[in-house]
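Okay, so here's the structure we're looking at.
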């Protein structure tokens, strides 16, 4: 399917054979797809593939490992009206570890990087789904997968005993992954978004190198999630959701070499920055389950993003945690959305 987006760009959803399972590998711009085929000299033998009312050409040689489907997603497509701008929002329930984006205005999508750990794949899926479901702006979501970063030569440090997730340190590659341009967000996968991410993005202030919730948090528990060691340090949980001003001169210090060599204290405490370079956003955008509290009479305390920092319902020991019912409801919606997606077909 070629989606005619409001910005005039045509995208080709492509799938790839991963050990017998067809997996979505991204929404590739049509021109980029054709140019890439030309560069690889795979266009000698051409075959017209009809997608909807349009045709594109797919090299015969690639049909064994790449296909296109005429029905990629049976997604919720909504016309939204936001600040006088009509936004076309497309929500795909598929992910499989690659970039996914909603598309609307001519502005560049807001880049969001989600920490990924194989043990918490379902948490990543729900976090991603909740963001896409409620966003009224174009967003681009990319999982930070350690094994991919290692393959790319961007991450090589050995995992320490106190690292509770695979993205404990790789999260700090966010400015690098965003090409040190614009604003981008990193967030742990154990978040559930209840608010429109536009509200948070609109808080960014270029005078800061980064912005986050300034938690005063000392966990009482000695373990979290599935028995992982609970560590205590200054600025605990500040780095779990960060808005990075990727083009800020100070953030150019976050090179792969620095991320792979500096201590946890240096990175998680943002020690490459001065205190005044760290902006603050309301705690409701990183609402810590078991720590932050809702005051019924005060809407300012209602969570916009719930953080299951000790463990979420995807772990047996935490299935009955506070706000667990909201996460389980979101999971159910996410799974139903996936069921509506037509399976890839050879065409």
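Coordinate-derived values only; no laboratory data. Because the structure is predicted, anything quoted here is derived from the model rather than measured. Note: ideal-geometry Cβ built from the backbone for every residue, glycine included; neighbour counts use all protein chains shown.
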- [ ] Run the numbers on region 238-347 and let me know its relative contact order in percent, using alpha-carbon pairs under 8 Å that are six or more apart.
- [x] 16
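Can you tell me how much longer the chain between residue 152 and residue 273 gets when fully stretched, taken as 0.36 nm per residue apart minus their C-alpha distance, in nm with one decimal?
Length gained, residue 152 through residue 273: 40.8 nm.
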- [ ] Fewest Cβ neighbours within 10 Å first, please rank 322, 181, 163, 330 accordingly.
- [x] 181, 322, 163, 330
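Would you mind ranking 280, 316, 333 so that the residue whose beta carbon has the fewest other beta carbons within 10 Å leads the list?
Neighbour counts put them in this order, fewest first: 316, 280, 333.
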Task: residue 266/residue 216 FRET efficiency (R0 22 Å; Cβ-Cβ; nearest 0.05) - done: 0.60
Open item on the list: Expected output is a single nm value to one decimal: the length gained when fully extending between residue 205 and residue 253, i.e. 0.36 nm times separation in residues minus the C-alpha distance. What is it?
Closed with: 15.3 nm
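Would you mind ranking 287, 270 by Cβ crowding within 10 Å, fewest neighbours first? Spell out each step's value before the answer.
Working: 287 25, 270 20.
The fewest-first ordering by Cβ neighbours comes to 270, 287.
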Open item on the list: Given R₀ = 30 Å, what would the calculated FRET efficiency be for residue 333 paired with residue 119, taking r from the Cβ atoms and rounding to 0.05?
Closed with: 0.85
Task: Spin-label model distance (nm) - residue 319 vs residue 340, 7 Å beyond Cα toward Cβ - done: 2.8
